[in-house]
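The values are calculated or read from the model by the stated rules, or taken from the named source; none is laboratory data. Predicted model, so just to flag it, every value in this text is computed and none were measured. So basically every Cβ, Gly included, is an ideal-geometry build from the backbone, and we count neighbours across all protein chains shown. Protein only, heavy atoms only, side chains kept; ligands, DNA and RNA dropped before computing areas. Shrake-Rupley method; radii C 1.70, N 1.55, O 1.52, S 1.80 Å.
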Amino acid sequence: MPGPTWYLTYQPRPAAAVRLYCLPCAGGGASMFRRWATLLPDWVELRAVRLPGRQGRHREPSFTDCHQGAEALADALAGPLAAEPPGGYAIFGHSMGAMLGYLLIRLRQRAGLPPPALFAAASWPVAGAAPGVMPDPADTDEDFCATLRTLGGVPPEMLDDPQMLRLTLPILRADFQLCRSYRYRPDGPLPCPVAAFGGIDDRVTPPEGLAEWKQHSADFRGLRLFDGGHFFFQDRPEDLVTAVTTELAATTATDGTNR
C-alpha cells in the first residue's frame, strides 16, 4: 500500500529538516496530532500515522497483534523513510503508539536500515503495561467500558452514547488486544537517542517504569514528567511539543537554519 495513505500531513513543509512521524494511543487516530502541526516549528513536518480501522480507513481490519502491526507499518513507511537523508526523520508515540514505534525501530535495526534521529516515547515502558491495568477485550461491554472510565482519555459522553459506542468499541477492543499481545524480548540498546515522557500521576504506566528506558538506549536523553495522568498530553500539548522539539534540535543539531 502506498505510503501516503498511512499518514496525514496537516501542514506540508517540503523544506523541513525533519519529518516527525506520530503514532496514536489505543482508540486514537491521526487527528489527535492535528494541533501539533500548528505548534511545531517550520523546520519540522508532522506526519500523523493513520492505522487501519479508523479515520479514513474504517473498512480495513484493525491490527490485533503488535508484531504484525509493526511489520505492516515498516513495509508501508519503507519508501517514505528511504527518501529521508540521515537524521531526517523522528518517531513519537503515545502508549500503544510508542509500543508500535519501538517495534518499528527494532525491525529497521535488524534490516540494517537507518534509525530515527530521535525516538520520543510517551506513557509506555519498554517492558509493556501490566495487563491488569488495561481493559480486557474478553469482558462484557459494561465491564470493558467501566475499565475505560478509570483510564480516562475517552470522553464520558462517548461512553454514554450507544451509537458512538457501537462505532468505537470494535476499534478499542482490537487495540487493547494488540496491546496485550506485546511481550518484552531482551535486546541490545536502541540505535538512536531516546527521550521518555510521562504524567506524574499516571497509574497505567508509572514514572518508575518509564525511567527504565535508560537501560535500553546508549543515548538516553532523560525522562520528563508533566502534571496529569496517562493522557497528560491532552491538557497541555504546548509543553510536550516544546520538549520534543528541544530534543529534536539537539539530536539533529539543527534549528532549521542549516538546511
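General remarks:
- The relative contact order of the range 106-237, computed from alpha carbon pairs under 8 Å that lie at least 6 residues apart in sequence, is 32 percent.
- Highest-first arrangement of 152-161, 218-227, where packing means the average Cβ count within 10 Å: 218-227, 152-161
- Probe 1.4 Å, all protein chains present, accessible-area order of F176, F63, largest first: F63, F176
- Residues of the range 206-245 with amide N under 14 Å of the 7 Å Cα→Cβ point at A130: 206-210
- Phi angles across the range 129-138 convert, under the Karplus curve 6.51 cos²θ - 1.76 cosθ + 1.60 with θ = phi - 60°, into 3J(HN,Hα) values of 7, 5, x, x, 9, 9, x, 9, x, 7 Hz, Gly and Pro given as x.
- Ranking by accessible area, most exposed first, for E45, E208, E60 with a 1.4 Å probe: E208, E60, E45
- Distant-in-sequence amide H partners of Q11 (H built 1.01 Å from N, under 5 Å): L46
- Fully extending the segment from Q234 to A15 would add 76.0 nm, taking 0.36 nm per residue of separation and subtracting the current Cα-Cα distance.
- Taking a sphere under 13 Å around the Cβ of G128 and counting the other residues whose Cβ falls inside, with K and R at +1 and D and E at -1, yields a net charge of +2.
- Span from the the range 144-197 Cα centroid across to the the range 41-106 one, whole angstrom: 16
- Mean separation of Cα contacts under 8 Å (6+ apart) over length of the chain, as relative contact order %: 20
- 5 angstrom amide H check on D219, placed H, neighbours 5+ away: V194
- Compactness of the range 175-259 was expressed as the Cα radius of gyration divided by 2.2 N^0.38 Å, which yields 1.25.
- In a fully extended conformation the segment linking A250 and D160 would gain 27.9 nm over its present Cα-Cα distance, using 0.36 nm per residue.
- Two-site FRET efficiency, L39 against D187, from Cβ-Cβ distance with R₀ of 22 Å, rounded to 0.05: 0.10
- An oblate overall shape is assigned to the range 10-86, the ratio a/c of its alpha-carbon gyration tensor axes (a ≥ b ≥ c) being 1.5 or greater and a/b not exceeding b/c.
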